[in-house]
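A short worksheet on the structure shown next.
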Amino acid sequence: MSETQELKSGGAAVDRAQYGLAAFLVVVGAYVLYDAATLSAGFSDQALSPAVFPYVIGSALIVLAVLLAVVTARGDRPQAEAGEDVDLTGGADWATVAKLVAVFVVSIALIDLLSWAITGALLFAGCTWVLGSRTHVRDLAIGAVLSVGTWYGFYVGLGIPIPAGILDGVL
């Protein structure tokens, strides 16, 4: 039996991780409600206060946490996924995780210098390389199309000014 389970008096296993998730949802929901209470009133011509949406989200998180705790107390447990192409008995590939973290850290370090258009392409190509792709030119091309497309989507489509970095004047 794993560390996340303990035996109930009736012999049925209780998944303590579900209680942990319920507690986490309560904490997050309470923080969202607290943060909503500190928001300013907004403008008088607004139909709804800026705090309405956070109040709804915070309340929903707390209600979901209570429901999760109730079904867990009743003994309901989620079924493990029987992935057809995943070995559920194997451990995590920490070398791959470390390489992906390194790709993300390098992207974060270079984004101000190179811009999103270049860094996004490198991020995509780096992640595909770590995950096993060996078609580097195709990966860079796809990454460039995706990153330039998202740059234009934010800059032109949404009106969010994203710095062009060294491509200022080109994009």
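Distance between the 7 Å Cα→Cβ label points at Thr96 and Leu67: 3.4 nm. Computed from backbone phi, the HN-Hα couplings of the stretch 127-137 come to 5, 5, 5, 4, 8, x, 6, 10, 9, 5, 5 Hz, rounded to whole numbers (Karplus: 6.51 cos²θ - 1.76 cosθ + 1.60, θ = phi - 60°; Gly and Pro given as x). Rounded to the nearest whole Hz, the Karplus-based 3J(HN,Hα) values (6.51 cos²θ - 1.76 cosθ + 1.60, θ = phi - 60°) of the stretch 18-33 follow the sequence 5, 5, x, 5, 4, 5, 4, 5, 5, 4, 5, x, 5, 5, 5, 5, with x at glycine and proline.
Neighbour counting of Cβ atoms within 10 Å sorts the residues Trp116, Trp94, Trp129, Trp151, fewest neighbours leading, into Trp94, Trp129, Trp151, Trp116.
Where a number appears in this text, it was derived from the coordinates with a stated rule and is not lab data. Please read these numbers as outputs of a predicted model, since none were measured by experiment. Here the Cβ is made from the backbone with ideal geometry for all residues, glycine too, and neighbour counts use every protein chain on show.
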